[in-house]
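Take a look at the structure below.
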Amino acid sequence: MYEPVSIGLIGAGIMGERMLRAILAQAPELVRAAGIWDPSGQAMARIAQELPQVARVADAAAVIAASDCVYIASPPASHLGHARAALTVGKSVFCEKPLAIDVADSRAFVAEAAARGAVNFPFASSPAIAQLQDWIKTGPVGGNRRISIEVAFATWPRSWQADAAGWLDRREQGGFTREVVSHFLFLSRRLGGALHGLQASASFPEAGKSERRIEARLMAGDIPVTLTGSVGTTQKDDHNIWVLEGEGGAVRLCDWSLAEQRQSDGSWRRAPDALTQLEARPVALKRQLEGVAKLARGEAHQLATLEEALNVQEIVEAILAS
């Protein structure tokens with residue numbers, strides 16, 4: 001019988017609080033919250049009011065000291081400083097994407113960290129992705145496969161991210177390519193193979209702000225990928241479709257969590273047990289935390305590896321630099 005894995009959290013923003021609540025929702029023998037820290041007094045006061053049972057510690061070093069695994073949900077520029085501090089004292093690391101804002105630094109970190117870290121790409125634990133994988137294995141997608149990715153947003157940042165607009169809409173750390181497109185690039189890599197062969201363009205029409213449109217072509221293994229993304233071209237807060245098509249058929253993921261299979265008449269049939277994003281999120285988070293427990297114990301897990309996350313970051317930054 002294992003002891004519960006102790007997870008400390010650096011960052012009490014949207015993602016930090018979401019992960020903290022997920023930890024608290026798990027069986028106590030799986031994981032426990034070691035404590036949380038954020039440099040924002042306002043964020044810490046919110047945690048104190050809403051989740052008073054969670055220890056609020058003095059600094060990042062205190063989080064690391066109290067943890068088996070450190071979850072890093074601070075802005076991207078600070079990720080690797082915290083991650084290296086945790087690894088130095090023998091702790092494992094579960095980090096939000098991207099690994100960093102500097103690709104060379106990310107490469108160096110991945111070489112240092114080996115298998116002691118993973119990155120929070122929830123598609124690694126998504127019920128909808130498991131359904132797509134089953135269809136791909138057993139269904140008639142066939143050869144000559146190709147992937148298409150389409151994302152669009154009414155505004156950026158999205159309405160629920162307004163509190164983080166200070167960095168989410170800046171060129172250095174923000175933008176929808178890093179925040180959203182990266183998930184679908186990870187999915188393409190996990191199902192198709194290493195990402196390479198990029199040709200891309202990105203548009204930054206507002207001085208100092210993040211991108212408003214991207215177009216790209218690349219390969220996932222030997223599968224061609226086309227990608228488009230834009231802001232202000234839909235009324236939806238968040239529109240996304242990922243499609244894998246072959247000679248024999250097609251499967252797709254819509255709105256983060258809805259797996260669909262194309263029928264012989266061209267219509268799309270949704271998986272009968274498909275969950276909305278709100279319904280799917282706690283399921284994926286539970287599976288992610290099961291993976292974190294395995295990571296902390298040095299066992300095989302399904303989480304996004306550092307190598308996968310680095311490959312995604314390399315492509316994302318190349319798109320933004322194009």
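The values are calculated or read from the model by the stated rules, or taken from the named source; none is laboratory data. Note that the structure is a prediction, hence the values are computed from the model and not measured. Neighbour counts are summed over all protein chains in view; Cβ atoms, including those assigned to glycine, are modelled from backbone coordinates with ideal geometry. In case anyone asks, the SASA skips ligands and DNA or RNA and just uses the protein heavy atoms, side chains included. Shrake-Rupley method; radii C 1.70, N 1.55, O 1.52, S 1.80 Å.
Which residues, counting only those in the range 161-197, are in a strand (DSSP E or B) and of a type in the set (Gly, Ala, Ser)?
Gly197
Give me a count of the residues in the range 241-256 that are assigned to a loop (DSSP other than H, G, I, E, B) and farther than 14 Å from Pro140 by Cα.
Final tally of qualifying residues: 2.
Quick one: in the range 253-279, of everything that is under 16 Å from His183 (Cα atoms) and surrounded by fewer than 19 Cβ atoms within 10 Å (Cβ to Cβ), which residue is farthest from the chain's Cα centre (by Cα)?
Going through the qualifying residues, I end up with Cys254.
Residues in the range 152-160: is at least one within 21 Å of Val312 (Cα to Cα), open to solvent by 30 Å² or more (accessible area, probe 1.4 Å) and not in a strand (DSSP E or B)?
Within the range 152-160, not a single residue is within 21 Å of Val312 (Cα to Cα), open to solvent by 30 Å² or more (accessible area, probe 1.4 Å) and not in a strand (DSSP E or B).
Any idea which of Glu211, Glu172 is in contact with a helix residue (DSSP H, G or I) (Cβ under 9 Å, 6 or more places away or on another chain), open to solvent by less than 50 Å² (accessible area, probe 1.4 Å), closer than 26 Å to Val119 by Cβ and not aliphatic (A, V, I, L, M)?
Glu211
Does Ala124 satisfy being touching a strand residue (DSSP E or B) at 6+ places or on another chain (Cβ under 7 Å) and either in a strand (DSSP E or B) or more than 22 Å from Glu211 (Cα to Cα) (or both)?
Answer is yes for this residue.
Checking the structure you have, find out if any residue of the range 64-76 is among the charged types (D, E, K, R) and over 27 Å from Glu314 (Cβ atoms).
yes
Among the candidates Val93, Val103, which residue alone is more than 21 Å from Arg262 (Cβ to Cβ), surrounded by fewer than 20 Cβ atoms within 10 Å (Cβ to Cβ) and either touching a Ser or Thr at 6+ places or on another chain (Cβ under 9 Å) or among the β-branched types (Val, Ile, Thr) (or both)?
Matching residue, one of Val93, Val103: Val103.
What pairs come out if I take residues in the range 190-219 that are more than 17 Å from Asn240 (Cβ to Cβ) and pair them with residues that are hydroxyl-bearing (Ser, Thr, Tyr) and part of a strand (DSSP E or B) whose C-beta lies under 8 Å away, six or more apart or interchain?
Filtered contacts from the range 190-219: Arg217/Thr226.
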